[in-house]
Amino acid sequence: MKESRIARRYAEGLIKTLADENEYLTIRRELQEFLNMLKSIDEFRAGMETPLFSKSQKKEILDSIHQKITFTKKTYRFLLTVVEENRLIFLDAIIQLLEKLWFEKNGIEKLQVFSAIPLSAKLEKQLIENLEAAFDKKIVIEKEIDPSLIAGIKIQRGLVFYDFSIEGNLKKLKEALLADEFLTEVSAGGEH
């Protein structure tokens, strides 16, 4: 719990400094690039996340990385703060929280969309427009291919699934037919 509070504090602080969506996307991408580099070399990660390297060594390493991968000033200052305060171990959690906090701040909802095949750009655009109208807010979708679907899509909103697949429609039809058959038997049995 303590770790998530620390990560949240850093993520919230960064979110408060962001001017617009472009800056958010740029900084999030740059932080993810740095994290990917950090994860790619175990010794590097261990040295940067623990007291193995001194703060001055960590700053020198960050400066040399900054020369090769040019970060925006804000990304560099944020990484420098995280490094100097020995909080780099929380960077992964911070990045994950950034999206959630950015969406909350801007009234955006993220939905998971499952389909049997990739959605065309036109269909994706139409789906987003329809979802935005239905939920009365800006929607971002995360797409995932689900080979078990024959056709159609499933949408996940938190813990709720909306099933617009052929399989889902057939299941609903079967349930309706069984319910109708049951009601017919009950009403026929009640008349005797």
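The values are calculated or read from the model by the stated rules, or taken from the named source; none is laboratory data. The shown structure was predicted, so the numbers you read here are calculated from the model rather than taken from an experiment. Counting neighbours? That spans all protein chains shown, and the Cβs are built from the backbone with ideal geometry, glycine included. Keep in mind that these areas ignore ligands, DNA and RNA; they rest on the heavy atoms of the full protein, side chains included. Shrake-Rupley method; radii C 1.70, N 1.55, O 1.52, S 1.80 Å.
With all pairs of different alpha carbon atoms counted, what Kirkwood hydrodynamic radius in Å does region 20-66 show? Mind dumping the intermediate values first?
Working: mean 1/r = 0.0859 Å⁻¹.
Computed over region 20-66, the radius equals 11.6 Å.
Solvent-accessible area of Phe44, probe 1.4 Å, all protein chains present, reported in Å² to the nearest ten, please.
Approximately 30 Å² for this residue.
So which GluC sites (Glu not before Pro) in region 27-103 are both in a DSSP loop and have at most 15 other Cβ atoms within 10 Å of their Cβ? Don't skip to the end; give the middle numbers.
On the way: sites: Glu30, Glu33, Glu43, Glu49, Glu60, Glu84, Glu85, Glu99; in loops: Glu85.
Here the GluC sites (Glu not before Pro) that fit, given the DSSP loop and packing criteria, are Glu85.
Per the 1.4 Å probe, what fraction of the accessible area of region 1-89, in percent, lies on carbon and sulfur atoms? Mind dumping the intermediate values first?
On the way: 2860 of 5450 Å².
C and S fraction of accessible area: 52 percent.
Determine the principal axes of the Cα atoms in region 1-105, then give the extent along each, sorted from largest to smallest and rounded to whole angstroms.
The Cα atoms of region 1-105 stretch 37, 33, 22 Å along the principal axes, largest first.
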